[in-house]
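Encoded as structure tokens, here's the structure I'll be asking about.
The values are calculated or read from the model by the stated rules, or taken from the named source; none is laboratory data. Owing to the predicted nature of the structure, the values given are computational and were not obtained by experimental measurement. Don't worry about glycine lacking a Cβ; one is built from the backbone with ideal geometry, like all the others, and counts go over all protein chains shown.
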Amino acid sequence: MSRLLRLSNHRWRLLWLIAIPLGLMLCMWQAAQLAREQALSNLQDDAENELRLSAANLNGYLLRYDYLPQMLATREGVQRFLASPDSQDPMPLNLLLDRFRFTAGVSDVYLLNRDADTIAASNWHRPKTFIGQNYAFRSYYTDAITGGQGRFYGLGLQSLERGYYFSAPVWLDDTSPDAKPDGVIVVKVLLDDVEESWAEQDAELFVTDSDNIIFMASHPELRMNALYPLTDNQRDSLRATRRYAMEPLTPSGMKREAPYGSDSYLVSFASGPLSSGHYLSLTRPIPEFGWQMHILKPLTPVVNAQWIAALMAGGLYGVVALGGGIGWQRLRLRREREAFAERERQTLARVRDELEVSVERRTRDLVASNQRLSDEIEERRRAEANLRQTQDELIQAAKLAVLGQLAAGINHELNQPLAAIRAYAENGRRFIELARVDKADANLAQIVELTQRMADISAQLRQFSRKSSERQETISVQACIEYALRLFHSRLRDDGIKVVHQWPEETLWVEGDLVRLEQVLVNLISNALQAMKELASPMLTLSVEIAQQHVMISVADNGPGIPEHHLSQIFEPFFTTKAPGSGLGLGLSISSRIMEDLGGKLQVTNQPTGGAQFTITLPCSATPNVLPPLSVKESNNHA
Ligand code: ADP
């Protein structure tokens, strides 16, 4: 695809590289053509005007001499001399003619007799005077001697100057209708002045006769040339008239290159003075003299106009092409930018769509996993509730197990006052029968006291056997120990166990659940009593100390201690060394768990002096503002 694109780009560039110069050339050529047409048209107009004016000038210039011979022919001096030329001095007439020549501004004035001999002339005093010359061959003589007006142009035989000749017959007797002219008066006009005036124009002007001989020309070298090569016949007849003497009448070398308009041509010269240029040639007849007047306008202004137009068109084309190129480049850049932006937009849209899909999928996954988590949390909560319930039930079971162990002592505790109450009651009845009210009353008082004692024991059991409220409260450590110890009151006394208290005077407080802490202490004391069963002097040491914001409660005995290999097992559930039916192996594991729940821990060591020591560690609590009623009251009761 990219290769195709590159190829096509390459082709485009090649096409432009060819098209732009071609367009430039075409544009320049077309502009040059238009300019040429316009310049040629202008040139033709100018040429026409100049030609018309020049022809009119020439016509006017010559015609103003037309009347001179007639006027002179009637002059009395001329006629008188002509009547008897041989007997008269020609000098007065010569002087007259010379004065006339000077006044009229002509070249020569001379008088021919009937035989065409020059008998008087204005140039009588010049070396090449006409006097004595015979001009019978000139048409101006033949025309005039037959009674007409004569006109002639050609080279003078003497002077070899180009001149125009006007002639008129001279009648000595003009009254007789049959009379013939007695002489001819001739006025010769030079044409150089006219040609000089042409030299000022920026064009070449020339006049051709009926034989296409260039008789007059603004450029001297053109004069006396044949416009076109002469045929032999033409040369023969010209030689016969001696109009142009012995001039070679070489061809001018003019070539018509192309016609322009109806009566003009583009011409050039193969040779001669004008061979370096190209001209617009226009021709106009001067019928009065049987001539053709030509004008040659150099094509230089046309060529200049062509160049200027071509260069201007080229410049304009360059500017337009440059502007077009810049515009095209900008358009291309804008298109590329737009295409890039479109691609970016599409990419962004695609990425956004993908992102949306991905986010939607992720959200779905998250919602699903959230739901799963919620389900799992709910499940765990239920499991935890079940576990707690099971735990509570286990704790209760362990409690009841301890109670079972206490049952014998309690039985004894209750039976003793019961028997005493019975005895006091029987004694009381007897004293009532004997009307010994005071004695009966004393017995009843004993009964009341004993029932109070029994109520106390019952309250202790009820307290221990109750389920935890799981309420966090501030507990007096010493009161809690005293209260647990009180459950073993009769057993301690009966077994003769020495109890040692080691704790500070001030009350130490911890945060926790009273029932549970009490249960832990009961478990530890119960285990210690069992371990010291066989001893002769058992001793139970209960100590409390405070260190690093923690309260440490120790229950130590002087029993056998715990074998080293059991130390790591005794906190495991159902680990027991006791005989079946004596222990469940749950006491320590439950106690350890309770301590963890209360934010503390339970540890065991064997004392160096023998016996095991269990230590409870709990965070210290500040003294409560209002003392907890239950713990305070109960601790007071048992103090
Ligand atoms: P049980 O008392 O039902 O056996 P416990 O979890 O309370 O269950 O005790 C586990 C075991 O730890 C006991 O069987 C006993 O071997 C040992 N033990 C606990 N306290 C002591 C102690 N003070 N001295 C020696 N051994 C003890």
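Among (1) surrounded by fewer than 20 Cβ atoms within 10 Å (Cβ to Cβ); (2) over 30 Å from residue 77 (Cα atoms); (3) of a type outside the set (A, V, I, L, M); (4) more than 60 Å from the chain's Cα centre (by Cα), where does residue 180 come up short?
Result: residue 180 fails condition (2) only.
Answer with yes or no whether residue 495 is of a type in the set (D, E, K, R) and within 16 Å of the ligand (Cβ to nearest atom).
Yes.
Quick one: is residue 610 in a loop (DSSP other than H, G, I, E, B), modelled with pLDDT of 90 or more and more than 9 Å from the ligand (Cβ to nearest atom)?
Yes: the conditions hold for residue 610.
Based on this model, can you work out whether residue 570 counts as under 25 Å from residue 396 (Cβ atoms), among the β-branched types (Val, Ile, Thr) and more than 8 Å from the ligand (Cβ to nearest atom)?
The answer is no for residue 570.
Take residue 589 and tell me if it is among the polar types (S, T, N, Q), at pLDDT below 90 and over 27 Å from residue 472 (Cα atoms).
No: the conditions fail for residue 589.
Residue 64 - would you say it is among the basic types (Lys, Arg) and over 28 Å from residue 143 (Cα atoms)?
Criteria not met by residue 64.
Looking at the stretch 575-593, I want the residues that are at negative phi and have a partner that is acidic (Asp, Glu) and more than 8 Å from the ligand (Cβ to nearest atom) with Cβ atoms under 7 Å, at least 6 apart or on another chain. Which pairs are those?
What qualifies is 589/572.
Give 389, 346 a once-over and let me know the one that is within 23 Å of residue 597 (Cβ to Cβ), exposed (fewer than 11 other Cβ atoms within 10 Å of the Cβ) and more than 16 Å from the chain's Cα centre (by Cα).
389
The conditions are (1) farther than 30 Å from residue 278 by Cβ; (2) over 60 Å from the mean Cα position of the chain (by Cα), and residue 53 fails exactly one of them. Which is it?
(1)
With respect to the numbered conditions (1) within 13 Å of the ligand (Cβ to nearest atom); (2) aliphatic (A, V, I, L, M); (3) under 24 Å from residue 586 (Cβ atoms), which one is the sole condition not fulfilled by residue 517?
Every condition holds for residue 517 apart from (1).
Sticking with this structure for a sec: Run residue 565 past the list (1) within 12 Å of the ligand (Cβ to nearest atom); (2) surrounded by 16 or more Cβ atoms within 10 Å (Cβ to Cβ); (3) assigned to a helix (DSSP H, G or I) and report the number of the one that doesn't hold.
If we test residue 565 against (1) within 12 Å of the ligand (Cβ to nearest atom); (2) surrounded by 16 or more Cβ atoms within 10 Å (Cβ to Cβ); (3) assigned to a helix (DSSP H, G or I), just (2) comes out false.
Each row is one residue, and each column tells you yes or no for (1) of a type in the set (A, V, I, L, M); (2) over 60 Å from the mean Cα position of the chain (by Cα); (3) modelled with pLDDT of 90 or more; (4) part of a helix (DSSP H, G or I).
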site	(1), (2), (3), (4)
188	no, yes, yes, no
194	yes, yes, no, yes
197	no, yes, no, yes
207	yes, yes, yes, no
240	yes, yes, no, yes
247	no, yes, no, no
273	no, yes, no, no
276	no, yes, no, no
292	no, yes, yes, no
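If residue 280 meets every condition in (1) of a type in the set (A, V, I, L, M, F, W, C); (2) buried (at least 17 other Cβ atoms within 10 Å of the Cβ); (3) under 60 Å from the mean Cα position of the chain (by Cα) apart from one, which number is that one?
Among (1) of a type in the set (A, V, I, L, M, F, W, C); (2) buried (at least 17 other Cβ atoms within 10 Å of the Cβ); (3) under 60 Å from the mean Cα position of the chain (by Cα), the lone unmet condition for residue 280 is (3).
A quick yes/no check of all residues on (1) surrounded by 16 or more Cβ atoms within 10 Å (Cβ to Cβ); (2) over 30 Å from residue 593 (Cα atoms); (3) modelled with pLDDT under 90; (4) more than 60 Å from the chain's Cα centre (by Cα):
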residue: 383; (1), (2), (3), (4): no, no, no, yes
residue: 398; (1), (2), (3), (4): yes, no, yes, yes
residue: 404; (1), (2), (3), (4): no, no, yes, yes
residue: 407; (1), (2), (3), (4): no, no, yes, yes
residue: 413; (1), (2), (3), (4): yes, yes, yes, yes
residue: 416; (1), (2), (3), (4): no, yes, yes, yes
residue: 421; (1), (2), (3), (4): yes, yes, no, yes
residue: 436; (1), (2), (3), (4): no, yes, yes, yes
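Among the residues that make up the stretch 539-562, is at least one of them in a helix (DSSP H, G or I) and either within 9 Å of the ligand (Cβ to nearest atom) or among the hydroxyl-bearing types (Ser, Thr, Tyr) (or both)?
no
Related question: Just name the residue that is surrounded by the fewest Cβ atoms within 10 Å (Cβ to Cβ) out of those in the stretch 506-525 that are part of a strand (DSSP E or B) and touching a Ser or Thr at 6+ places or on another chain (Cβ under 7 Å).
This residue is 511.
A quick yes/no check of all residues on (1) small (Gly, Ala, Ser); (2) modelled with pLDDT of 90 or more; (3) in contact with a helix residue (DSSP H, G or I) (Cβ under 8 Å, 6 or more places away or on another chain); (4) assigned to a helix (DSSP H, G or I):
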{"residue": "5", "(1), (2), (3), (4)": "no, no, no, yes"}
{"residue": "9", "(1), (2), (3), (4)": "no, no, no, yes"}
{"residue": "12", "(1), (2), (3), (4)": "no, no, no, yes"}
{"residue": "16", "(1), (2), (3), (4)": "no, no, no, yes"}
{"residue": "22", "(1), (2), (3), (4)": "no, yes, no, yes"}
{"residue": "41", "(1), (2), (3), (4)": "yes, yes, no, yes"}
{"residue": "44", "(1), (2), (3), (4)": "no, yes, no, yes"}
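Do we find that residue 594 is among the aliphatic types (A, V, I, L, M) and either over 23 Å from residue 485 (Cα atoms) or within 12 Å of the ligand (Cβ to nearest atom) (or both) in this structure?
No.
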